[in-house]
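Okay, structure first, notes after.
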Amino acid sequence: MQKSVLKRQKGLARRHRRVRGKVTGTAARPRLCVTRSNNNIYAQVIDDVAHKTIVGASTLGAAFKESGLKPSNVEGAAKLGNIIGAMAMEAGITEVVFDRGGNLYHGRVKAVADGAREAGLKF
């Protein structure tokens, strides 16, 4: 790998460790974790105390593919936020803490958060 790619990966890992040191999910208020790649977005609602993923969704799932949106843009990310928010509400979760995964709270990551808020999640 090129030096610049390794530098970006190390920076992302360092920022994610810093965020995770401050953000922890409990049974009462689990963590909404967003992972972003160039092509797809993944979101999970996690109870860190029990080490369990309560619900999870991604742009690769059937629920998202029915929408017909592109997985790599802001509109697709907002739809994923709606999907994960609805799944969490069905599971009885109304409040979460947001884990941006070391990424900037901007663009697709922000769109996932806004979509989850539209679905009824509070954070």
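Computed from the coordinates by the stated procedures, all read-outs in this text should not be read as laboratory data. The model shown is predicted, which means the values in this text are computed figures rather than measured ones. No Cβ is skipped: glycine too gets one built from the backbone with ideal geometry, and neighbour counts run over all protein chains shown.
If the condition is being in contact with a Gly (Cβ under 9 Å, 6 or more places away or on another chain) and of a type in the set (Lys, Arg), then segment 19-74 contributes Arg20, Arg31, Arg36, Lys70.
Taken across segment 74-90, residues that are over 15 Å from Glu118 (Cα atoms) and not β-branched (Val, Ile, Thr) do not occur at all.
Residues in segment 75-123 that are more than 12 Å from the chain's Cα centre (by Cα) and among the aromatic types (Phe, Trp, Tyr): Phe123 only.
Is it fair to say Ser58 is of a type in the set (S, T, N, Q), more than 15 Å from Lys110 (Cα to Cα), surrounded by fewer than 19 Cβ atoms within 10 Å (Cβ to Cβ) and in contact with a Phe, Trp or Tyr (Cβ under 7 Å, 6 or more places away or on another chain)? Answer is yes for this residue. Number of residues in segment 75-96 that are of a type outside the set (Ser, Thr, Tyr), surrounded by fewer than 17 Cβ atoms within 10 Å (Cβ to Cβ) and on the phi < 0 side of the Ramachandran plot equals 5. Counting only residues that are small (Gly, Ala, Ser) and surrounded by fewer than 16 Cβ atoms within 10 Å (Cβ to Cβ), segment 38-55 holds 1 of them. If we keep just the residues of segment 16-37 that are surrounded by fewer than 12 Cβ atoms within 10 Å (Cβ to Cβ) and more than 14 Å from the chain's Cα centre (by Cα), which is nearest to Gly115 (Cα to Cα)? That would be Ala28. Look at (1) over 20 Å from Gly120 (Cα atoms); (2) in contact (Cβ under 8 Å) with a residue 60 or more places away in the chain and you find that Glu95 fails only one, number (1).
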